[in-house]
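Have a look at the structure below before the remarks.
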Amino acid sequence: MRVAIVGIGLTPFRPSTPEFSWKELMYDAATRAYADADLDPRRDVQSFVTCAEDYWEGFGIFDEFVPDQLGAAMRPTCTVCGDGIQGLAQGAMQIQSGLFDVVAVESHSKASDLLTYPHIVQHALDPILNKPLRGHPNYLGGLEMDAYLRASGNTARDCAAVVAKNRTGALKNPIAAYGAKLTAEEAERSPPQFDPLRTLDQAALADAGVVLVLASERKARQFSANPVWLRGFGWGTDSPNLEARDWTTAKYTEIAAAAAYRMAGITKPEKAFQVAEVEDRFSYKELQHLEAAGLSKKGETAKRLKKGDFAVGGGLAVNPSGGSLGCGYILDASGLHRVAEVALQLRGEAGSRQVHRARNGVAVSWRGLPTATGGVAVLGVGK
Amino acid sequence: MRKVACIGAGMTLFRRRLKETPKELCWEATRMALDAAKLEMKDIDAVVTGSAPDAFDGVHMKGEYYADGCGGFRKPITRVFTGGGTGVFSPIAAWWHVASGLADIALVVNEEKMSSCYPHAQSVFAHIWDPILDRPLNPNLVWIFAMEMNRYMTVHKIKKEDIARVAVKNKRNAVAHPAAQLADAKITVEDVLNSEVLAWPVQRLDISPPSDGASALILASEDAVKRLKVETPVWFSGVGWCIDSTMWTDRDLYFPRYLAQASQMAYKQAKIDNPRKQIDFAEPYDPFDYKELHHMEGLLLCGKGEAAKLTREGVTERDGDLPTCPSGGLLGVGNPIAATMGTKVGELYWQLSGQAGKRQIPKEIHTGVTNAWGDLMQFSSVVVMRA
């Protein structure tokens with residue numbers, strides 16, 4: 001059974017939102033999505049899914065605080081402790097199983113409420129083997145970048161070019177928080193923090209809320225003559241053990257992409273899409289994920305990047321939204337934002353960053369340090 | 001909607017398990033379920049896991065941390081979380097993995113390790129309140145459940161002795177459970193009524209003990225059941241879940257209307273219009289003794305305020321007309337929050353497939369119902385299963 005995205009709600013990304021509580025942020029995103037789909041959540045939405053983690057929220061059981069601001073009180077509602085694409089997949093399966101016709105999926109970041117972000121990430125490390133090593137956990141990004149660059153042949157300069165592309169691209173996205181006129185040379189001159197990972201290779205945290213409304217094929221036709229279809233989705237986890245996982249290839253993306261492409265009937269991913277929103281919490285991750293998702297052949301990625309093939313107007317527009325580097329990193333909501341951006345592009349509603357003739361797109365997510373978990377969603381318009 | 005069956009279950013000993021890490025507890029239960037279903041991890045298409053607050057184990061994103069313990073290595077694995085309701089909710093999430101066609105065989109693993117929490121697991125519950133409205137009052141769970149219990153007793157004029165009978169029944173039932181932590185063959189109503197008062201009307205023996213443990217289930221599509229020639233599949237015939245408003249102070253606590261809603265959702269799928277007649281036994285969530293009664297009413301197994309009478313008359317005993325918590329429940333077997341899946345959905349599976357051993361209900365049974373309850377006295381998940 002096919003599932004469509006019929007409502008998109010995004011709040012602007014901002015480094016901090018002191019005038020909003022996280023509840024108001026969720027409400028803001030939800031009302032935008034419901035207005036976009038032109039539906040009443042109390043009448044039309046049958047199930048609600050939130051992607052959240054207790055420690056990000058600062059609560060013991062965050063699920064308690066979900067229903068009211070989404071219109072979900074006295075409805076089937078649950079929390080997925082996962083990335084936005086994992087949450088989207090749960091919503092889609094609820095529809096495909098025949099339980100519901102309309103499901104809302106929510107995720108948000110109130111990262112500005114976190115006083116001790118690195119310590120929380122540290123708290124996710126194995127408590128016996130890794131956590132005692134202490135230090136800002138982004139050192140893991142530095143180690144992985146080093147391993148990846150050695151294995152792929154891509155360079156720190158290529159990563160700086162990703163930073164420049166995404167930060168300048170974000171200037172065309174009215175909801176991005178970190179758009180900047182920045183060249184690859186300038187990005188490369190930023191001080192190394194977790195060598196080879198430089199200051200500007202890392203996306204800065206932001207606050208934002210994202211809500212997507214999913215509908216069964218039958219219902220989707222009532223909402224829109226030309227809905228955006230969720231043609232395939234997948235997610236996967238490599239080993240949680242730092243010592244045991246693959247440090248050069250994003251295995252989780254390979255697993256997720258294989259499942260999503262199988263479902264969507266895609267055999268040549270490198271030619272299937274006009275637009276891709278790809279996880280870029282660290283600059284090198286964009287390149288690593290492009291390769292793992294089969295969107296660019298290993299060895300060709302840097303060349304294509306230099307040629308401008310990943311720019312808006314190139315063969316495959318990568319992160320026209322500005323990605324996490326340009327918009328801001330919104331924790332587990334990042335994956336849902338990537339799906340939302342692809343859907344906006346396919347609808348032709350992406351304003352001055354619109355990718356010409358975008359018919360098929362893909363979103364690739366990663367749950368961030370220290371996980372080896374990510375998702376892939378394949379979207380398309382038309383038959 | 002594809003038909004989905006449970007084809008195997010596993011459950012560890014519920015105890016203070018200081019020597020095992022969360023990963024090891026997960027794997028112990030996973031291996032038991034795989035052995036029961038005669039499968040290996042290569043046969044599993046997707047893994048779903050459930051666990052209550054991260055703060056118990058003391059690991060942020062603990063679902064990621066213990067993923068490989070659940071066999072979630074280079075596979076799709078998802079953790080779902082609905083507070084105390086997770087024990088019956090993660091099997092529902094696994095159900096939709098199979099019912100939707102995404103997976104043919106799915107594994108569910110629920111884990112809880114509450115003993116790593118100092119000084120007591122209860123301290124985690126200091127962080128579950130609205131930070132502005134509730135938190136400054138410094139409440140804890142016993143305190144608010146005492147309010148709910150009091151309200152329930154007051155509205156229906158129920159005596160404390162009748163509620164204590166539930167604790168006695170379940171702790172006695174648990175004697176037959178190999179994983180039980182607090183089974184007591186000799187416990188009496190007087191013991192419960194004489195145990196120390198924690199927050200009136202809650203006394204120590206009204207409460208299930210915190211615990212460590214894990215449980216696992218294997219779910220399969222109808223095709224897989226045929227292919228594997230499973231002899232005693234137990235089918236999911238209805239699932240439901242529902243959350244009420246966060247504002248628990250704004251509702252009447254005497255009746256769990258969110259559970260009634262979730263039950264109706266599950267009963268509609270299971271084509272049940274007269275639960276008391278069409279359901280042969282129940283495993284309602286019983287972290288406190290009054291909760292079994294509260295949930296029997298929410299599950300529409302009796303009228304409001306009638307559950308105590310059924311208990312007094314022996315209807316809910318293992319050999320009664322409506323055996324309730326034949327496993328021994330949380331009160332007897334223990335309450336490692338999400339891992340109680342083993343005494344809820346797990347017990348439904350073991351009873352309906354005739355594998356409950358000394359706990360087996362003597363009468364012929366075809367249909368069972370279970371629920372779990374969580375968040376701020378606001379969420380319930382319901383599963384109906386048939387042999």
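What follows draws every value from the coordinates through simple rules; no lab data is involved. The model shown is predicted, which means the values in this text are computed figures rather than measured ones. Cβ atoms come from the backbone with ideal geometry, glycine included; neighbour counts cover every protein chain shown.
Tell me, what is a quarter of the convex hull surface for the C-alpha atoms of segment B:92-140, in nm² with one decimal? Don't jump to the answer; show the numbers that get you there.
Working: hull surface 22.6 nm².
Over every viewing direction, the Cα hull of segment B:92-140 projects on average to 5.7 nm².
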Could you size up the charge dipole of segment A:59-120 around its Cα centre, putting +1 on the beta carbon of Lys and Arg and -1 on that of Asp and Glu, and report it in debye to the nearest 20?
60 debye
Quick one: compute a quarter of the convex hull surface over the Cα atoms of segment B:271-310 and quote it in nm².
2.9 nm²
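Taking the Cα centre of segment A:55-166 as origin and charging only Cβ (+1 Lys, Arg; -1 Asp, Glu), how large is the dipole, in debye to the nearest 20? Walk me through the intermediate numbers first.
Working: 7 positive and 12 negative charges, 92 e Å.
Computed charge dipole of segment A:55-166: roughly 440 debye.
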Quick check on segment B:114-176: take the gyration tensor over C-alpha atoms, sort the square-rooted eigenvalues as a ≥ b ≥ c, and tell me if it's rounded (a/c under 1.5), prolate or oblate.
oblate
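Using the crude model of +1 on Lys and Arg Cβ and -1 on Asp and Glu Cβ, and no other charge, please compute the dipole size for the protein assembly as shown relative to its Cα centre, in debye to 20. Could you put the intermediate results ahead of the total?
Details: 87 positive and 89 negative charges, 372 e Å.
Value, rounded to 20: 1780 debye.
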Using a Gaussian network model on chain A with a 10 Å cutoff between Cα atoms, which of A:L242, A:L129, A:L171 fluctuates the most?
A:L129
Relative counts (whole %) of C-alpha pair distances in segment B:208-284, using bins that are 10 Å wide:
13, 29, 35, 18, 4, 0
Quick one: among B:Q181, B:Q360, B:Q278, which has the greatest mean-square fluctuation in a GNM of chain B with alpha-carbon springs under 10 angstrom?
B:Q278
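What share of Cα pairs, in percent, lie more than 17 angstrom apart in segment A:116-172?
Values: 900 of 1596 pairs.
That fraction is 56 percent.
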Take the Cα pairs of segment A:94-206, get the Kirkwood Rh, then feed it into Stokes-Einstein at 10 °C and 1.306 mPa s and tell me D in µm²/s.
93 µm²/s
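What's the Cα-based Rg to Rh of segment A:162-263, Rh via Kirkwood? It would help to have the intermediate numbers written out before the result.
Numbers: Rg = 19.3 Å, Rh = 17.8 Å.
Expressed as Rg/Rh, it is 1.08.
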Summarise the long-distance tail of P(r) for segment B:243-370 by giving the % of C-alpha pairs beyond 20 Å.
43 percent
In segment B:276-357, if the dipole is taken from +1 on Lys/Arg beta carbons and -1 on Asp/Glu beta carbons about the Cα centre, which of B:G354, B:H294, B:T316 is farthest to the positive end?
B:H294
So how compact is chain A: Cα radius of gyration and Dmax in angstrom?
19.2, 56
Picking from A:L287, A:L295, A:L344, which is most flexible by a Gaussian network model of chain A using Cα springs under 10 Å?
A:L344
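Counting only DSSP beta bridges with both residues in the protein assembly as shown, tell me the antiparallel percent, nearest 5.
Working: 78 of 109 bridges.
Close to 70 percent.
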Loop trypsin sites (Lys or Arg not before Pro), segment A:21-106, which have at most 16 other Cβ atoms in a 10 Å radius of their Cβ (DSSP)
none
Could you pull the Cα extents of segment B:266-332 along its three principal axes, largest to smallest, in whole Å?
32, 22, 22
For all pairs of alpha-carbon atoms in segment A:221-347, what percent lies in each bin of width 10 Å, listed from the first bin to the last filled one?
12, 42, 36, 8, 1, 0
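So what's the convex hull volume per residue for the Cα atoms of segment B:152-305, in Å³?
Working: hull volume 25.5 nm³, N = 154.
Taking the convex hull of the Cα positions in segment B:152-305, it is 166 Å³ per residue.
Over all residues in A:69-76, what is the mean tally of Cβ atoms on other chains that come within 10 Å of each residue's Cβ?
5
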Counting only other chains, and only Cβ atoms inside 10 Å, what mean value do you get across the residues of B:200-209?
0
Starting from 0 in steps of 10 Å, tell me what percent of the Cα-Cα pairs of the protein assembly as shown lands in each bin.
3, 15, 26, 26, 17, 9, 4, 1, 0
Amide H proximity to A:Q193 below 5 Å, modelled H, separation 5+ or other chain, gives A:R198, A:T199
Based on Cα coordinates alone, diagonalise the gyration tensor for chain B, multiply each eigenvalue by 5, take square roots, and list the semi-axes in whole Å, largest first.
30, 24, 20
When each pair of different Cα atoms in segment A:1-81 is counted once in the 1/r mean, what is the Kirkwood radius in angstroms, to one decimal?
13.7 Å
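Kindly provide the trypsin sites (Lys or Arg not before Pro) of segment B:290-361 that DSSP labels as loop, not H, G, I, E or B, and whose Cβ sees at most 15 other Cβ atoms within 10 Å.
Numbers: sites: B:K291, B:K304, B:K309, B:R312, B:R318, B:K344, B:K358, B:R359; in loops: B:K304, B:R318, B:K344.
Within segment B:290-361, the qualifying trypsin sites (Lys or Arg not before Pro) (loop, at most 15 other Cβ atoms within 10 Å) are B:K304.
Once you sort the root eigenvalues of the Cα gyration tensor of segment B:1-87 as a ≥ b ≥ c, which label holds: rounded (a/c under 1.5), prolate (a/b larger than b/c) or oblate (the other case)? Don't skip to the answer; put the middle values down first.
Numbers: a/c = 1.58, a/b = 1.34, b/c = 1.18.
The shape class here is prolate.
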